[in-house]
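The values are calculated or read from the model by the stated rules, or taken from the named source; none is laboratory data. All of these numbers come straight from a predicted model, not from anything done at the bench. Positions of Cβ are backbone-derived with ideal geometry, glycine not excepted, and every protein chain shown enters the neighbour counts. Just the protein is used for accessible areas: all its heavy atoms, side chains included, with ligands, DNA and RNA removed. Shrake-Rupley method; radii C 1.70, N 1.55, O 1.52, S 1.80 Å.
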Amino acid sequence: MEKIDKFDLSIIACLQREGSLSQRELADRVGLSQNACWRRLQRLNASGIIRGTRAQVNLVALGLDLTVFVMIRTSHHAKDWADGFRRHVERLPEVTEFYRIGGDWDYLIKVTCRGIAGYDRFYQKLITDFELSTVTGFFSMEAIIENRPPDLTQLAGTVEDGTPG
């Protein structure tokens, strides 16, 4: 794991809250020079800790008004089948998140689409060419917490303080 310190965590936390900060604003907020902040940001990007920045979009305003959490159970667990299913799901544009999970279910897919008709079109594409034991959808009524970044203070005590030794 990449060694990170409190300055790195501050950079990450600032960017999670507001990814469009200028280099100067970011450096000011974390208490570093622009050059030091830039070098750290480059290292965090190169190491894969930061995987890019994105705009948060109001999907409902774009007509994507239905979010469905799809739970899938299958009796197929061979690597070839799982790899094929993964490629199949990755090609479905309605999928915004996709997880292989433990417990009673095998996969969890988060789908965003235009209403029930949009979900039905997704469902028909999902089951095409793949035998799935159980597919069930949980329809979101309201997003209470959405896209919240994890609280990095839980890493306190596990990182260096950033001061030279």
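Compute the Cα gyration tensor for segment 6-55, then decide on rounded, prolate or oblate, letting a ≥ b ≥ c be the square roots of its eigenvalues: rounded whenever a/c is under 1.5, prolate when a/b is larger than b/c in the other cases, and oblate in all that remain.
oblate
Express the carbon and sulfur contribution to the solvent-accessible surface of segment 6-55 as a percent, rounded to the nearest whole number, probe 1.4 angstrom.
On segment 6-55, the fraction of accessible area on carbon and sulfur atoms equals 44 percent.
What are the ³J(HN,Hα) couplings of segment 113-122, residue after residue, when phi is run through the Karplus curve with 6.51, -1.76, 1.60 and θ = phi - 60°? Round to Hz, x for glycine and proline.
8, 8, x, 4, 4, x, 5, 4, 4, 4
Seen from all sides and averaged, what is the projected area of the convex hull of the Cα atoms in the chain, in nm²?
Spelled out: convex hull of the Cα atoms, projected over all directions, averaged, 12.8 nm².
Mind checking the angle between helix 34-46 and the chain's longest principal axis? C-alpha axes, 0 to 90 degrees, to the nearest 10.
The angle comes out near 30 degrees.
With unit charges on the beta carbons (Lys and Arg positive, Asp and Glu negative) and the dipole taken about the Cα centre of segment 23-165, which residue among W105, A78, P93 sits farthest to the positive side?
Going by the Cα projections, it comes out as P93.
Could you give me the ³J(HN,Hα) list for segment 137-150, computed from phi with Karplus coefficients 6.51, -1.76, 1.60 and θ = phi - 60°, whole Hz, x at Gly and Pro?
After applying 6.51 cos²θ - 1.76 cosθ + 1.60, I find x, 10, 8, 6, 8, 7, 8, 8, 10, 9, 6, 7, x, x Hz.
If you bin every alpha carbon distance in segment 59-139 into 5 Å steps from zero, what whole percent lands in each bin?
3, 14, 28, 27, 15, 7, 3, 1, 0
How large, in percent, is the carbon and sulfur part of the accessible surface of segment 59-139 at a probe radius of 1.4 Å?
Percent of accessible area from carbon and sulfur atoms in segment 59-139: 52.
Quick check on the chain: helices-only [θ] at 222 nm, where DSSP H runs of length 4 and up contribute -39,500 (n - 2.57) each and the sum goes over total residues. Nearest 500, please.
-11000 deg cm²/dmol
Quickly work out the A143-to-N35 label distance, labels modelled 7 Å from Cα along the C-beta direction, and quote it in nm with one decimal.
Each label point is offset 7 Å from its Cα along the Cβ direction, giving 4.2 nm.
Search the structure for amide H atoms under 5 Å from the amide H of F98, placed 1.01 Å from N in the peptide plane, and list their residues when 5 or more places away or on another chain.
Close amide H contacts, sequence-distant or interchain: K110.
Hey, what does the equivalent ellipsoid look like for segment 48-90, semi-axes from the Cα gyration tensor as sqrt of 5 times each eigenvalue, largest first, whole Å?
They are 29, 19, 9 Å, listed largest first.
Can you figure out the FRET efficiency of I101 with N58, using R₀ = 35 Å and their beta-carbon distance, to the nearest 0.05?
0.80
How much area per residue is accessible in segment 6-55 when the probe is 1.4 Å and only protein heavy atoms are counted (Å²)?
Normalised by residue count, the accessible surface of segment 6-55 is 65 Å².
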